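Student: A single structure is presented below for examination.
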Amino acid sequence: MAYSEKVIDHYSNPKNVGTLDKSKNNVGTGLVGAPECGDVMRLQIEVNEEGVISDAKFKTFGCGSAIASSSLATEWLKGKSIDEAIAIDNMDIVEELNLPPVKIHCSVLAEDAIKAAINDYRVKNGLPALEEAKH
Amino acid sequence: MELKLPIYLDNNATTPMDPRVLETMLPYFTDNFGNAASRNHPFGWAAEEAVDYAREQVANLIGADPKEIIFTSGATEADNLGIKGIFEMYASKGNHIITCTTEHKAVLDTCKHLEKLGAQVTYLEVLPDGMIDLAALENAITDNTILIAIMYGNNEIGVVQPVKEISAIARKHNVLFFTDGTQAVGKIPVDVIADGIDLMAFTAHKMYGPKGIGALYVRRKNPRVKVTAQMDGGGHERSMRSGTLNVPGIVGFGKAAEICKNEMAAEAARLSILRDKLENALLQLEESYLNGHKENRLPHTTNISFKYVEGEGLLMGFNKNIALSSGSACTSASLEPSYVLKALGLGDDLAHSSLRFGLGRFTTEDQVDYTIKAISDTVNKLREMSPLWEMFKEGIDLNSIEWAHH
Ligand SMILES: Cc1ncc(COP(=O)(O)O)c(C=O)c1O
Ligand code: FES
């Protein structure tokens, strides 16, 4: 299968690979997927006092599209408020990266990871978790 | 000399044609276009003569008599003809077939098809190194068993089964022995007499010949074996496989077989050195594992899992420059990783992390060196990106985590 330019670019030069201190209260961590399925994504956000995502990091075990989806997601998250972040839809990722149908689940994983990270942050800070992600 | 990219290391999928084979075939597309069954004119005679000669070349490679070679469109068809043909021909003797879980789909799906038609099939599990358990094989034989179908060399892991021992067991119980020799023929010595093979499928495009031509070997003496045709028509190939013969393909198959016979020993020795170099270097990487038996295998094949990186993501790091295949199947065409690796007892995680290397006649040491570097670099890079690698390094047991399966 041929990959789009953008997928190749994110894969070759992934943005924001790394780890945030998950013990900190203002860091939310989302870990989704499973090794047996061939994809695991960990996405982390750090939220400042104004409620804005000041940093985002990821590590992904998966195909090139999964790596690109999570790299793109971290780029999009930085500078967004939590509410704006919640609104990121996997189809936005599909469109931006030109993912073919068989790779849609890689983008779904990224959306799930965003939601899981936000939930972790919310729960840590005494807020109720969002409803179950739609997937 | 500058290295030419991309490098082809997927020779178990198909091999490039040897230029000597192409050259031999060319006249049979143009000047010598006759139908080998045309008995009444020189065009037919020339074609028939060419087919007879090629049949001898093919038979020679496996120690058979030319009359025992039935040309087919490839190994898939030969697998079908061999297994279905025996099931039909020997229906009065029994309906039980024994095969194993690491066979090619052409064998497994043929057996599944026969189950719908009343066959009873035993799918033997293999040992963790991919080898057949001979005691389990013998135990599986019943009064109804008509056929044992166990492959010679495996396409994914290269494991070579103890064919002589298997045939001895078959003989002892008066059961026929079929083997899918696709990956072994032309690569290692295969001799139907010494190996005790009753039927064998193989194909030209895995031995530097053309695609679309293969053969079923059907033993004619001790015992005389017969298969029911699965393709009816003009009665070609001793009525076991009708259809106008693919003369250029057969000529190419013959030439390919002759070259393999002459060059096999040197080629196998050269490739096993290169394969070992590649394998040893890649096994130097932390948490990389060889899949399959280390000794009993094809000289040009290796299969390695790189734990904590996913195969498809790994391939993407170099697949513009190196052609390889992966045991991962996270591409929803099939969500299951390689069933062969899983049959060895590998977890899905290791199966997803595997690469299959098939070296070939045109593989050079420079290509191997390039591949070692490219793969090592990509594995290291992806591990820096892998949450699983980080957890492993922190000593976290991945099994202790509750994964969200989807
Ligand atoms: C073990 C084995 N059997 C059968 C086949 C099918 O061969 P063919 O492509 O000639 O039908 C292959 C090749 O894919 C193979 O590796
Ligand atoms: S993570 Fe499964 S194909 Fe991308």
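The values are calculated or read from the model by the stated rules, or taken from the named source; none is laboratory data. Bear in mind that the values here come from a model prediction, so they are computed numbers and not experimental data. Quick reminder, even Gly has a Cβ in these numbers, built from the backbone with ideal geometry, and neighbours come from all protein chains shown. The protein model used for the area step is the full one, side chains on, heavy atoms only, and it has no ligands, DNA or RNA in it. Shrake-Rupley method; radii C 1.70, N 1.55, O 1.52, S 1.80 Å.
Student: A:D39 - would you say it is acidic (D, E) and in contact with a Leu (Cβ under 7 Å, 6 or more places away or on another chain)?
Tutor: yes
Student: I need the full set of residues from the range A:21-35 which are surrounded by 19 or more Cβ atoms within 10 Å (Cβ to Cβ), within 14 Å of chain B (Cβ to nearest Cβ) and not small (G, A, S), in order please.
Tutor: A:T29, A:L31, A:V32, A:P35
Student: Going by the structure shown, is A:K103 open to solvent by 10 Å² or more (accessible area, probe 1.4 Å) and on the phi < 0 side of the Ramachandran plot?
Tutor: No, not satisfied.
Student: Across the range A:36-66, which residue is most open to solvent (accessible area, probe 1.4 Å) among those that are of a type in the set (V, I, T) and out of contact with any Gly (no Cβ under 6 Å at 6 or more places or on another chain)?
Tutor: Among those residues, the one meeting the criterion is A:V52.
Student: Restricting attention to the range B:251-281, report how many residues are open to solvent by less than 30 Å² (accessible area, probe 1.4 Å) and either over 25 Å from B:G358 (Cβ atoms) or acidic (D, E) (or both).
Tutor: Residues meeting the conditions: 3.
Student: Okay, moving on. For the range B:207-223, does any single residue satisfy the condition of being more than 16 Å from ligand 2 (Cβ to nearest atom), open to solvent by 20 Å² or more (accessible area, probe 1.4 Å) and either within 14 Å of another protein chain (Cβ to nearest Cβ) or under 18 Å from the mean Cα position of the chain (by Cα) (or both)?
Tutor: yes
Student: Taking the condition of being part of a loop (DSSP other than H, G, I, E, B) and either within 16 Å of ligand 1 (Cβ to nearest atom) or more than 14 Å from chain B (Cβ to nearest Cβ) (or both), how many residues in the range A:60-99 meet it?
Tutor: Summing the residues that are part of a loop (DSSP other than H, G, I, E, B) and either within 16 Å of ligand 1 (Cβ to nearest atom) or more than 14 Å from chain B (Cβ to nearest Cβ) (or both) in the range A:60-99 gives 7.
Student: Which of the strands (runs of 3 or more DSSP E) contained wholly in the range B:272-368 include at least 1 residues that are more than 14 Å from chain A (Cβ to nearest Cβ) and among the aromatic types (F, W, Y)? Talk me through it step by step, then tell me what you get.
Tutor: Details: elements: B:288-290, B:301-306, B:354-358.
Because the criterion is at least 1 residues that are more than 14 Å from chain A (Cβ to nearest Cβ) and among the aromatic types (F, W, Y), the strands (runs of 3 or more DSSP E) in the range B:272-368 that meet it are B:288-290, B:354-358.
Student: Is there a residue in the range B:136-146 that is open to solvent by 10 Å² or more (accessible area, probe 1.4 Å), over 30 Å from B:P299 (Cβ atoms), assigned to a loop (DSSP other than H, G, I, E, B) and charged (D, E, K, R)? Steps first, answer last, please.
Tutor: First pass over the range B:136-146, keeping only residues open to solvent by 10 Å² or more (accessible area, probe 1.4 Å): B:136, B:138-144.
Among the residues that remain, those that are also over 30 Å from B:P299 (Cβ atoms) are: B:139-144.
Still in the running and assigned to a loop (DSSP other than H, G, I, E, B): B:141-144.
Then keep just the ones that are charged (D, E, K, R); that gives B:143.
The answer is yes; a qualifying residue exists.
Student: Identify all residues within the range A:67-99 that are within 16 Å of ligand 2 (Cβ to nearest atom), open to solvent by less than 40 Å² (accessible area, probe 1.4 Å) and polar (S, T, N, Q); write none if there are none.
Tutor: Across the range A:67-99, the qualifying residues are A:S69, A:S70, A:S71, A:N90.
Student: Between residues in the range B:117-129 that are polar (S, T, N, Q) and residues that are in a loop (DSSP other than H, G, I, E, B), which pairs lie under 8 Å by C-beta distance while being six or more apart or on different chains?
Tutor: B:Q120/B:N95; B:Q120/B:N144
Student: Residues being over 26 Å from A:K15 (Cβ atoms) and either at pLDDT 95 or above or within 13 Å of chain A (Cβ to nearest Cβ) (or both): count how many of those fall in the range B:369-397.
Tutor: 5
Student: Here is a check on your reading of the model: is B:T122 modelled with pLDDT of 95 or more, open to solvent by 30 Å² or more (accessible area, probe 1.4 Å) and assigned to a strand (DSSP E or B)? It would help to see each step written out before you state the result.
Tutor: Values: modelled with pLDDT of 95 or more: yes; open to solvent by 30 Å² or more (accessible area, probe 1.4 Å): yes; assigned to a strand (DSSP E or B): yes.
So B:T122 passes the test.
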